[in-house]
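Below is one structure, written out as structure tokens; the observations come after it.
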Number of protein chains: 2
Amino acid sequence: MSEKIRVIAKFSPKADKVDEVRAILSEFVEPTRAENGCVVYDLLVNEADPADLTFYEEWESAEDLAAHSKSEHLAVGRKKLEGLLEKPADVRKYILVK
Amino acid sequence: MSEKIRVIAKFSPKADKVDEVRAILSEFVEPTRAENGCVVYDLLVNEADPADLTFYEEWESAEDLAAHSKSEHLAVGRKKLEGLLEKPADVRKYILVK
């Protein structure tokens, strides 16, 4: 059993694709929250920048996160995002210091 | 009464100051969690980069966050961090999309 893991994943849509990307990412939320080991999965938007769409995630374990990243619904979502992002998603994994 | 607000605040210590900055940031946690309107205040470290020290925060309102940013203990903490960071802290405010 591994330690709880957090993820901060930032998506940067192309300038004319912000609403479209926001809608696609919103579709990730419900199926992900239903996955094993998902503690928090919140889609956030930067108050000062509508094109900074960021997931804040907490997972029970690295194994649960790995299963999520291989999920069918995420594969479908990634397909929908093709060509809509300015650059690849910036995904960082964190552990709690305090 | 304003909307709940999230903060992602990334600190980038100088290469030889990582442990020192981590210790100083750790001191922020307890007094901040005791502040009005603080829902979550977690200090995280990037699994792949010990020099990426990031707070994930949730506040009941923008007013509570503003009071936090003016708190005495944070002023003391900022003073301790002087000269130890590679660049200024990257602090972003977010609201929930979904």
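Please treat every number below as a calculation from the coordinates, not as lab data. Note that this is a predicted model, so its numbers are computed, not measured. Every residue, glycine among them, receives a Cβ derived from its backbone with ideal geometry; neighbour counts consider all protein chains shown.
Some notes on this structure:
- Given A:Lys14/B:Lys70; A:Lys14/B:Lys98; A:Lys4/B:Lys79; A:Lys80/B:Lys87; A:Lys14/A:Lys79; A:Lys93/B:Lys79, the pairs whose alpha carbons are separated by over 25 Å: A:Lys14/B:Lys70; A:Lys4/B:Lys79; A:Lys80/B:Lys87; A:Lys93/B:Lys79
- Coil-residue GluC sites (Glu not before Pro) of the range B:29-89, DSSP, other Cβ within 10 Å capped at 13: B:Glu82, B:Glu86
- Those trypsin sites (Lys or Arg not before Pro) in the range B:6-72 that DSSP places in a loop and that have at most 14 other beta carbons within 10 Å: B:Lys14, B:Lys70
- Between copies, A:Ala23 shows label-point distances of 5.3 nm, shortest first, with the point placed 7 angstrom from Cα along Cα to C-beta.
- Between amide H atoms placed 1.01 Å from N, distances below 5 Å from B:Val97 occur with A:Leu43, A:Leu44, A:Val45, all of them 5 or more places distant or on a separate chain.
- Distances in nm from B:Gly77 to the matching label points in the other copies, shortest first (labels 7 Å along Cα to Cβ): 3.0
- Each copy carries A:Asp90; placing its label point 7 Å along the C-beta direction from Cα gives inter-copy distances of 0.3 nm, listed from smallest up.
- Average beta carbon contacts from partner chains per residue of A:67-73, 10 Å cutoff: 0
- Cα-Cα pairs of the protein assembly as shown separated by more than 29 Å (percent): 26 percent
- Inter-chain Cβ neighbour average for residues B:89-95, partner chain, 10 Å: 4
- Stretchable slack from B:Asp90 to B:Glu35, in nm (0.36 nm times residue separation minus alpha-carbon distance): 17.6 nm
- On full extension, the segment bounded by A:Glu72 and A:Ala51 gains 5.0 nm, given 0.36 nm per residue less the C-alpha separation.
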